[in-house]
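Participant: Below: one structure in structure tokens.
The values are calculated or read from the model by the stated rules, or taken from the named source; none is laboratory data. Fair warning: this is a prediction, and the values are worked out from it, not measured in the lab. Here the Cβ positions follow ideal geometry from the backbone for every residue, glycine too, while neighbour counts run over all protein chains shown.
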Amino acid sequence: MEQLNLGIDAYGVADAAVLPFPTLNVPCNTILKRASEHGIEALTPAELIALVHNPNPTDADEDRARDMFRHRGSLRECVKHDLQLAAAAELAARSLRESLDTQSFISPRDSMAFLKAQLGHKPYEAFAVLWLDNRHRNLGFQILFTGTVDGASVHPREVVRAAIACNAAACICAHNHPSGVADPSAADRNITRQLRDALQLVNVRLLDHIVIGADEPTSMASRGLI
């Protein structure tokens, strides 16, 4: 899939330092021992689920987590059906959101990863906007509309009002498809044209509209739909 072309090659943000996972003084627990020695990223999906459910997981916790993952088929489905996992996903999304500031912005590829982290785990459809200045630096992220599993109503007038409020020069819109299929619908294409035209009236450029699904996000700009 083509990367977003926002008019610049990259946004000049150095990769964040990766801190080692702290050494834990814990009982001889397989999951905690592996996390301590190899980092949290080394854990399997079932081990992560067990650790979220119980900070000191037992073998029984891991067995239940493995059964849950096997039954749901993916972490995305597990998060949709489990409140503790949904809370952990939301915490991660908010943490990533805090990493943005007004002095720098992420790369085009990371912008799609950021938007997926914000919207991909939600069990209902949500429409959001990344507001940018004239150098494509981040001004803020807003979820403007939410709906049901089948859709969310988007009102261009409210999007324009939000753009003016944050003095944006450009933006990237995004919404998720809870079904997991990231293909833009006819309604998606129609609202994108409406948003583009409405934002042009206040000199705000719509750079892209990203559709978030279970796998790779879809860039409507790369498909010539902006």
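Participant: Return yes when Glu125 is surrounded by fewer than 17 Cβ atoms within 10 Å (Cβ to Cβ), at pLDDT 90 or above and charged (D, E, K, R) and no when it is not.
Facilitator: no
Participant: Quick one: is Arg34 more than 30 Å from Leu225 (Cβ to Cβ), modelled with pLDDT under 90 and in a helix (DSSP H, G or I)?
Facilitator: Against the criterion (more than 30 Å from Leu225 (Cβ to Cβ), modelled with pLDDT under 90 and in a helix (DSSP H, G or I)), Arg34 qualifies.
Participant: Another question about this same structure. So Asn134 fits all but one of (1) within 24 Å of Asn203 (Cβ to Cβ); (2) at pLDDT below 85; (3) exposed (fewer than 15 other Cβ atoms within 10 Å of the Cβ); what number is the exception?
Facilitator: Against the list (1) within 24 Å of Asn203 (Cβ to Cβ); (2) at pLDDT below 85; (3) exposed (fewer than 15 other Cβ atoms within 10 Å of the Cβ), Asn134 comes up short only on (2).
Participant: Does Leu195 satisfy the condition of being surrounded by 12 or more Cβ atoms within 10 Å (Cβ to Cβ) and either outside the structural domain of Leu144 (by TED's automatic domain parsing) or not acidic (Asp, Glu) (or both)?
Facilitator: yes
Participant: Ok, one more. For segment 128-212, which strands (runs of 3 or more DSSP E) that fit wholly inside it have 3 or more residues that are aliphatic (A, V, I, L, M) and under 30 Å from Glu77 (Cβ atoms)?
Facilitator: Numbers: elements: 138-146, 170-176, 205-212.
Where strands (runs of 3 or more DSSP E) fall fully within segment 128-212 and carry at least 3 residues being aliphatic (A, V, I, L, M) and under 30 Å from Glu77 (Cβ atoms), they are 205-212.
Participant: So which residues in segment 181-217 are hydrophobic (A, V, I, L, M, F, W, C) and over 18 Å from the mean Cα position of the chain (by Cα)?
Facilitator: Ala186, Ala187, Ile191, Leu195, Ala198, Leu199, Leu201, Val202, Val204, Leu206
Participant: Moving to a separate point now. What number of residues in segment 35-63 are hydroxyl-bearing (Ser, Thr, Tyr) and over 17 Å from Ser74 (Cα atoms)?
Facilitator: 2
Participant: From the set of residues in segment 140-161 that are in contact with a strand residue (DSSP E or B) (Cβ under 6 Å, 6 or more places away or on another chain) and at pLDDT 90 or above, which is surrounded by the most Cβ atoms within 10 Å (Cβ to Cβ)?
Facilitator: Filtering segment 140-161 for residues that are in contact with a strand residue (DSSP E or B) (Cβ under 6 Å, 6 or more places away or on another chain) and at pLDDT 90 or above, the one surrounded by the most Cβ atoms within 10 Å (Cβ to Cβ) comes out as Val154.
Participant: Okay, moving on. For segment 213-226, which positions are among the small types (Gly, Ala, Ser), in contact (Cβ under 8 Å) with a residue 24 or more places away in the chain and in a loop (DSSP other than H, G, I, E, B)? It would help to see each step written out before you state the result.
Facilitator: Narrowing segment 213-226 to residues among the small types (Gly, Ala, Ser): 213-214, 219, 221-222, 224.
Narrowing further to those that are in contact (Cβ under 8 Å) with a residue 24 or more places away in the chain: 213-214, 219, 221-222.
Within segment 213-226, Gly213, Ala214, Ala221, Ser222 qualify.
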